[in-house]
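Every number in this text was worked out from the coordinates using simple rules, so none of it is lab data. Everything quoted here is computed from the prediction, not taken from an experiment. All Cβ positions, even for glycine, are placed from backbone atoms using ideal geometry, and neighbour counts span all protein chains on display.
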Amino acid sequence: MGSGTSREDAEPKAEQQAPAVEPEDDEPDEWDKRIFSTGCADENAKMTDCYYEKKDWRVCKDEMERFRRCWKAQGNDKRTDTKDV
């Protein structure tokens with residue numbers, strides 16, 4: 001029998017190896033609250049997702065235009081004193 005430890009004792013168990021996983025915070029932060037308050041959260045998400053995937057705003061012109069139209073339709077340009085250039 002030998003050393004007095006079994007093979008099971010010598011190998012770490014899966015529970016011991018797995019790092020602790022923090023639960024995701026589903027609460028909206030200040031940024032989320034501001035975006036949701038514009039009424040254009042979906043358009044904003046599509047626009048930022050496009051940029052994240054393409055890494056080039058020029059490729060995301062359609063998404064930017066949809067966001068811009070939504071922004072104006074919701075009256076955000078007046079609320080935030082946004083000016084067209």
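Observations on the structure shown:
- When each of the peptides 26-33, 69-76, 52-59, 38-45 is scored by how many other beta carbons lie within 10 Å of its residues on average, the order from highest to lowest is 38-45, 69-76, 52-59, 26-33.
- Using alpha carbons only: equivalent-ellipsoid semi-axes of the stretch 28-77, gyration tensor based, whole Å: 19, 14, 6
- Cross-link reach list, lysines versus Lys78, counting only Cα pairs under 29 Å and skipping chain neighbours closer than eight places: Lys33, Lys46, Lys61
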